[in-house]
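Enquirer: After the structure tokens below, expect a handful of questions from me.
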Amino acid sequence: MRIPESELIINADGSAFHIHIKSEELADNVILVGDPGRVEMVAKYLSDIEFRHSSREFVSTTGKYNGKRITVLSTGIGTDNCDIVMNELDALANIDFRTREIKAEHRSLNILRIGTSGAVQNDIPLGSFVFAAYSLGADGLMNWYGRREEMAMPNISEAFTAHMNWSKYLHQPYFIKAGEDMTKRFEGHAIMGCTISAQGFYGPQGRVLRLPLAMPDMIEKLESFRYGDLRITNFEMESSAIAAMGRLLGHNCGTVCCIIAQRQSHGANTDYKPRVEELVRLALERLTA
């Protein structure tokens, strides 16, 4: 099946429309960061830099670490941006940009997001590293895809919505596991958690400034939710899209975050860059181990 121009837009230089990467520039190992400025934080540890591209919030480069090629790409904030990034990365790997045909042999990528996050549980201190062994999508992105039910873990979702008294006006949440291989790489190196991906930074994460919340007790209910040994550990805004789209598209994906805010004690660390640097070094080692 030839994919039409309107469905897969390819730039004149043969690169993917938004992220401006070409097929031959994409490594099998990919690190995603939200902040475009964080690309250089990772790239300074790489050798043999092949290129640097910049378009809107999508900044990218490919180099080597421990002798293995790694592509570093910024996504900007939110699962909507991750929808763009994950689809275009998969297209570069599994669609022939010359013929617009899906390749006969599937190429699987290792995709790891490095981010910052806020802890929901009191026993997760500032500066902790949390790997999203599970992600909770509260953003609604995957509800637009036809294969959502293949990975949505409905038993946990039903227990969660009942516990939260989930509003009918909100997107139906879903739970998704990270890639098994990526999870194994971080066992013993980070807290294994369940990370909730919110649709925004303020109201969707229970922050109150001048607008009241639809669920004023959301943080307390998130903290108290249990499904067997599973509990909600932290907030961010991208992990569920990366894990879910990666699983459906056949990639090994995960998210690891540095905790920079404590939602129960109301603490925050604005001088978190040194600790994120440590996380970057850990991620590079685990990804190339």
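Enquirer: Please compute, over every Cα-Cα pair in the chain, the percentage with a separation greater than 26 angstrom.
Expert: On the way: 17331 of 41616 pairs.
It works out to 42 percent of all Cα pairs.
Enquirer: Among DSSP beta bridges lying fully in the chain, give the percent that are antiparallel, nearest 5. Can you show the working numbers first?
Expert: Values: 28 of 59 bridges.
Within the chain, antiparallel bridges account for around 45 percent of the total.
Enquirer: What FRET efficiency comes out for the pair Glu150/Asp181, r = Cβ-Cβ distance, R0 = 25 Å, nearest 0.05? Show your work: numbers first, answer last.
Expert: Details: r = 19 Å, r/R0 = 0.76.
Taking R0 as 25 Å, the efficiency between Glu150 and Asp181 is 0.85.
Enquirer: Turning to a different aspect of this structure: Extending each Cα 7 Å along its Cβ direction at Lys22 and Ala159, get the distance between those two points in nm, one decimal.
Expert: 5.1 nm
Enquirer: Among Gln264, Leu213, Met192, pick out the residue whose Cα is farthest towards the positive end of the charge dipole of region 161-289, where Lys and Arg carry +1 and Asp and Glu carry -1 on C-beta, about the Cα centre.
Expert: So the residue furthest toward the plus end is Leu213.
Enquirer: Could I ask something else about it? Counting only protein heavy atoms and using a 1.4 Å probe, what share of the accessible area of region 115-161 belongs to carbon plus sulfur, as a whole percent? Kindly include the intermediate steps, with their values, before the conclusion.
Expert: Details: 1010 of 1890 Å².
Result for region 115-161: 54 percent of the exposed heavy-atom area is carbon or sulfur.
Enquirer: Rounded to the nearest whole Å², what accessible area per residue is found for region 63-174 with the 1.4 Å probe?
Expert: Details: 4880 Å² over 112 residues.
Ligands and nucleic acids excluded, the result is 44 Å² per residue.
Enquirer: Once you sort the root eigenvalues of the Cα gyration tensor of region 140-289 as a ≥ b ≥ c, which label holds: rounded (a/c under 1.5), prolate (a/b larger than b/c) or oblate (the other case)?
Expert: Values: a/c = 1.83, a/b = 1.14, b/c = 1.61.
Since a/c reaches 1.5 but b/c is at least a/b, the shape of region 140-289 is classed as oblate.
Enquirer: Next question, about the same structure. Can you send over the solvent-accessible area of Arg100, 1.4 Å probe, protein chains only, in Å² to the nearest 10?
Expert: Per-residue accessible area (Arg100): approximately 20 Å².
Enquirer: In region 55-160, what GluC sites (Glu not before Pro) fall in a loop by DSSP, with at most 10 other Cβ atoms inside 10 Å? Before the final figure, lay out the partial values.
Expert: Working: sites: Glu57, Glu88, Glu101, Glu105, Glu149, Glu150, Glu158; in loops: Glu57, Glu105.
Qualifying residues, ordered by number: Glu105.
Enquirer: For Asp271 and Arg231, compute 0.36 nm times the residue count separating them, minus their Cα-Cα distance, and round to one decimal in nm.
Expert: On the way: separation 40, 0.36 × 40 = 14.40 nm, distance 2.77 nm.
The Asp271-Arg231 span can extend by a further 11.6 nm.
Enquirer: Among rounded, prolate and oblate, which fits region 165-230 when a ≥ b ≥ c are the square roots of the eigenvalues of its C-alpha gyration tensor, a/c under 1.5 means rounded, and a/b larger than b/c means prolate?
Expert: Numbers: a/c = 2.24, a/b = 2.07, b/c = 1.08.
Prolate is the answer for region 165-230, as a/c is 1.5 or above and a/b outweighs b/c.
Enquirer: Additional query: Name the residue from Leu170, Phe51, Ala244 whose Cα lies farthest towards the positive end of the charge dipole of the chain, charges +1 on Cβ of Lys and Arg and -1 on Cβ of Asp and Glu.
Expert: The residue sitting farthest along the positive end of the dipole is Leu170.
Enquirer: Given labels modelled 7 Å from the Cα in the Cβ direction, how far is it in nm from Asp80 to Ser47?
Expert: Between Asp80 and Ser47, the label points sit 4.2 nm apart.
Enquirer: OK, next. Any idea what the dipole of the chain comes to, in debye rounded to 20, about its Cα centre with Lys/Arg Cβ at +1 and Asp/Glu Cβ at -1?
Expert: Details: 31 positive and 36 negative charges, 54 e Å.
Here the chain has a charge dipole of around 260 debye.
Enquirer: On a full-extension model of 0.36 nm per residue, what is the gain between Glu105 and Ile3, subtracting their alpha-carbon distance, rounded to one decimal in nm? Can you show the working numbers first?
Expert: Working: separation 102, 0.36 × 102 = 36.72 nm, distance 1.69 nm.
Stretched out fully, the Glu105 to Ile3 stretch lengthens by 35.0 nm.
Enquirer: How big is the charge dipole of region 108-164 about its Cα centre, in debye rounded to the nearest 20, if each Lys and Arg gets +1 on its Cβ and each Asp and Glu gets -1 on its Cβ? Numbers along the way, then the final one.
Expert: Values: 3 positive and 5 negative charges, 36 e Å.
Dipole of region 108-164, to the nearest 20 debye: 180 debye.
The values are calculated or read from the model by the stated rules, or taken from the named source; none is laboratory data. As the structure is a computational prediction, the values presented were derived from the model and not from experiment. Please note: Cβ atoms are built from the backbone with ideal geometry, for glycine as well, and neighbour counts cover all protein chains shown. Side chains are part of the model used for accessible areas, which takes the heavy atoms of the whole protein and leaves out ligands, DNA and RNA. Shrake-Rupley method; radii C 1.70, N 1.55, O 1.52, S 1.80 Å.
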